[in-house]
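Each remark here refers to the structure printed beneath this line.
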Amino acid sequence: MMKPSARIYCLFARLSLLLFVGIQACFLLPILATPVNAQPGAVAQAWVDYDQALQHIRAGQNQEALPLLRRALAVLQDNVHLKADYLVCLVWTGAYRQAVDYYRRHETELQQVRYVSRNIAKAFYEERKFAQARTLYARALTYDPSDAEAFKGLIYSCCRLRDFLSAYQTWEESRRRGLIPAETVNYMGVFLLARLGASYQAEQLATSQGVKDPELLATITGDQAVERLQWEEVDLAIQILETQLARNPDNYRARSDYIVALRQKERMAEVLEQYAILEGAGKPTPYWATRALADAYLYLKKPEQAVIFYKITLKKDPGEPLKSLVGLYNCYVELRQWDQAAKTLTQVEDLLAKTRPLVRDKKAPILRQKRYIEEKQSLITDQGWFLAYQDKLQEAQEHFEVAVKEAGLNPAFRSGLAHVYLWRQWPRRALEEFQVCETIHPLNKGILVGKAWTLNTLNEKDQARALARQLYCRYPTDLHVQNLMDTFRVEDSLFFSPDVYFTKEFQGATEYYAVGSLEVPYSPTFKFYTQIVRQYISSEFDRGESLEFSWDRLNWGYDWILHPELAWRQAITFDYTRGRDLGSFTQVRWWPTDPLTIVAEFDSFSLNVPIRARAEGMRAKTGLLALRYVASDQLEGSLSFGVNWFSDDNLNPSATLRLNRQVINHPEVKLWLGTEINYLRYTDQDVSYFSPLYSYAVLLTPTVHWTHYCRYDTRWRSSFYPRGGIVKEHKESVYPVAGITYEQLLDISKTFGLTWNVSYDLRVYTGEYTHVLGTYFTFRKYF
């Protein structure tokens, strides 16, 4: 057995050996950590730089330390602790992206330094790489279970990843072990409750545990407002936020949320005011506030400004771009920038395609799956409406019909289909679809608005207005409801329109015609109207005669919708300057089906006779029967039979057949191809005016509409009406004829618009050509 003195000696020898090895290591480590080709002076300077950098770091001068650390690293390239200090300094100076990249290049060796984990985790967190941040914070907490910053960072990262269970388990474990200060544990407990949406319970816990952090308490109060917004209790949210702002007008978070609340209440002018205050504070505006501002500009019919702020929002919030992309698409539609709108809609489709594999995972949250389905159906709806907005109604119909077959209870699909039916000139079919929608979703705003439009089109005027008033009481700030109410108010208001015509034949008749019309509504289905007519015509023919005639007529009558399918227009006419030549005008319009309209009318004192007869002072009793068939928005035709009983007992029956088909359908340019066949007879040829035994004409009548500008209630459109064909008269050869009319339509608002045109025709009378110029002007004003 070894003696005690020997044991002491051996122990002393071992300690001496360890001390010697340690001293040797202290001298050798710098040499081993130095590149082989480093000069001794450079190495010494590198250590001096490193030491000075550490002094700067201890003094909180991290920015000043960085160049010294870089210089030292250029020499001491294998010094792990120097690399670790450089990495930490990058984090502390906010160079998060650079820190993340540096860590990834040297991850293996930097993992050996324990204090690196908690610091680089912050860089990953700030770069929104929350999964890596969670892993690093968890490692740091393993190294030191009392590290409060790692504890908070781990919970923050879990919450960002919506892994609330792991966050709670971390909080509960640290609370149980008691290594984290109780104040921090209580703080994070309050934070967790707030993140879970239990802001009122978080407030109670903060009160009971004495958590008095003003920023956290303000966040909880703000969360309470946000929760109210999520539950569509917007008025309560506004009350909470206004209280916060009254206490602290500089509350940045509260004002940002207040902007969102005002946007949801559609108080858009106030959104602009609040955003100006927020912007004036000089702080970066959160993405949800800029998105609300973009929505406000779009609502206020300023899509150019809305585009700017939707793009800003997309840059600020690349993680949740869907709402901003849809808003941007709506702006492009209003601006009629179809290519940009299509591109944006494709971006939405691509975004959802990337989301689909994640949602199809069985482990995906139910709410996320539900949200994906809603977003996908919303995209399908937008795609159908995009076709409809471009007037591609047949494609839109096919799109929505397929969607309805797949999801027949979806109100957006059925409502879209019903609107397309309405725009394709099938209002009865549309009403049936809207009624099905209403049965499924009786309170759906979009369905009820569409139904009101359809009822009005079907002459169910009273029902349409009653429904519009109900909608306006519920949704007074909704743009579609406002547009509906404004349109009905205009329809039911006083209306005035002057019309002026001028026609000049070379050689032949010259005519001026002016009529002023005034409509006074008594009810939506009954209107009084009056017209004052001034008509003057003169003629100079080869026989050397010169004739002049003029008429001054007053027409007084009413328009009465007796039944949604039956309308009656009645008037009494007379010469108001001489009190004679009493006449009567009657028109009955029957609309038995969507495509078919039948009109019958009789005028006992008509000046609407051929111009050569009118130039000889002829007037007539006129009868008309017209049938119009509108197969769709792209195909229509009409057939009319008329007869003029001239004042000289000459009888003039006629028939006209017209067919029109749309062949080019672009949102801005449309081309219709049409044909017109006219046939007329006269019973008496022994008269001074043009009166052949018979005459017929076959014409091609294409039409071009070119929309220069169309936004909201303003529209500017040019139309070209060329025509050409042949005319055959009794005892005459076949003659080619042609003509063209150029017309412009300008609608300034719902209440005012004007139209004018000029025309030229090459006509044939008894084998002789005549050049004819014409012009027309009118405006429409509702009071």
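Residue selection: Leu448 satisfies the criterion of being under 20 Å from the mean Cα position of the chain (by Cα) and closer than 30 Å to Ser493 by Cβ. For the range 251-299, the candidate set comprises residues that are outside any helix (DSSP H, G or I) and open to solvent by 60 Å² or more (accessible area, probe 1.4 Å); within that set, the residue that is farthest from Leu217 (Cα to Cα) is Arg267. Of all residues in the range 423-461, those satisfying the criterion of being out of contact with any Asp or Glu (no Cβ under 9 Å at 6 or more places or on another chain), open to solvent by 40 Å² or more (accessible area, probe 1.4 Å) and assigned to a helix (DSSP H, G or I) are Glu432, Gln435, Val436, Glu438, Thr439, Ile440, Trp453, Thr457. Here the range 353-365 is the region considered, the condition is being open to solvent by 90 Å² or more (accessible area, probe 1.4 Å) and out of contact with any helix residue (DSSP H, G or I) (no Cβ under 9 Å at 6 or more places or on another chain), and the residue that is modelled with the highest pLDDT is Lys354. For the range 565-617, the tally of residues that are within 19 Å of Asn555 (Cα to Cα) and assigned to a loop (DSSP other than H, G, I, E, B) stands at 7. Candidates are the residues of the range 209-226 that are of a type in the set (D, E, K, R) and farther than 16 Å from Gln239 by Cα; the one that is least open to solvent (accessible area, probe 1.4 Å) is Asp213. For the range 726-749, the set of residues classified as part of a strand (DSSP E or B), closer than 28 Å to Glu668 by Cα and not polar (S, T, N, Q) consists of Ala738, Gly739, Ile740, Tyr742, Glu743, Leu745, Leu746, Asp747, listed by residue number. In a residue-by-residue description of the range 483-494, the property of being of a type in the set (Val, Ile, Thr), under 29 Å from Ser550 (Cα atoms), open to solvent by less than 60 Å² (accessible area, probe 1.4 Å) and at pLDDT 95 or above applies to no position. Return a yes/no flag: does the range 640-653 have any residue that is closer than 30 Å to Asp686 by Cα, within 44 Å of the chain's Cα centre (by Cα) and free of Cβ contacts under 8 Å to residues at least 24 places away in the same chain. Taking every residue of the range 640-653 in turn, at least one turns out to be closer than 30 Å to Asp686 by Cα, within 44 Å of the chain's Cα centre (by Cα) and free of Cβ contacts under 8 Å to residues at least 24 places away in the same chain.
Selection of the range 761-783 for residues being over 22 Å from Ala613 (Cβ atoms) and either without any contact (Cβ under 8 Å) to a residue 40 or more places away in the chain or of a type in the set (Phe, Trp, Tyr) (or both) yields Phe777, Phe779, Tyr782, Phe783. Which one of Ala84, Ala74, Ala131 is in a helix (DSSP H, G or I), open to solvent by less than 40 Å² (accessible area, probe 1.4 Å) and small (Gly, Ala, Ser)? It is Ala84. Residues of the range 134-159 that are surrounded by fewer than 24 Cβ atoms within 10 Å (Cβ to Cβ) and more than 21 Å from Glu183 (Cβ to Cβ): Thr135, Ala138, Arg139, Thr142, Tyr143. Considering the conditions (1) open to solvent by 20 Å² or more (accessible area, probe 1.4 Å); (2) free of Cβ contacts under 8 Å to residues at least 24 places away in the same chain; (3) out of contact with any His (no Cβ under 7 Å at 6 or more places or on another chain), Leu387 is excluded by exactly one of them, (3).
Scan the range 699-712 and give yes if some residue there is among the charged types (D, E, K, R), open to solvent by 50 Å² or more (accessible area, probe 1.4 Å) and in a strand (DSSP E or B), otherwise no.
The answer is no; no qualifying residue exists.
Taking the range 301-352 as the range and being open to solvent by 60 Å² or more (accessible area, probe 1.4 Å) and not in a helix (DSSP H, G or I) as the test, the residues that pass are Lys301, Lys302, Pro318, Glu320, Gln337.
Results for (1) within 30 Å of His730 (Cα to Cα); (2) open to solvent by 30 Å² or more (accessible area, probe 1.4 Å); (3) charged (D, E, K, R), shown as yes or no for each residue.
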residue	(1), (2), (3)
Arg578	no, yes, yes
Asp581	no, yes, yes
Ile611	yes, no, no
Asp633	no, no, yes
Ile664	no, yes, no
Lys670	no, yes, yes
Tyr679	yes, yes, no
Phe690	yes, yes, no
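For the range 181-201, the candidate set comprises residues that are modelled with pLDDT under 75 and over 15 Å from Leu165 (Cα atoms); within that set, the residue that is surrounded by the fewest Cβ atoms within 10 Å (Cβ to Cβ) is Tyr200.
The values are calculated or read from the model by the stated rules, or taken from the named source; none is laboratory data. All values derive from a computational prediction rather than experimental measurement. No Cβ is skipped: glycine too gets one built from the backbone with ideal geometry, and neighbour counts run over all protein chains shown. Protein only, heavy atoms only, side chains kept; ligands, DNA and RNA dropped before computing areas. Shrake-Rupley method; radii C 1.70, N 1.55, O 1.52, S 1.80 Å.
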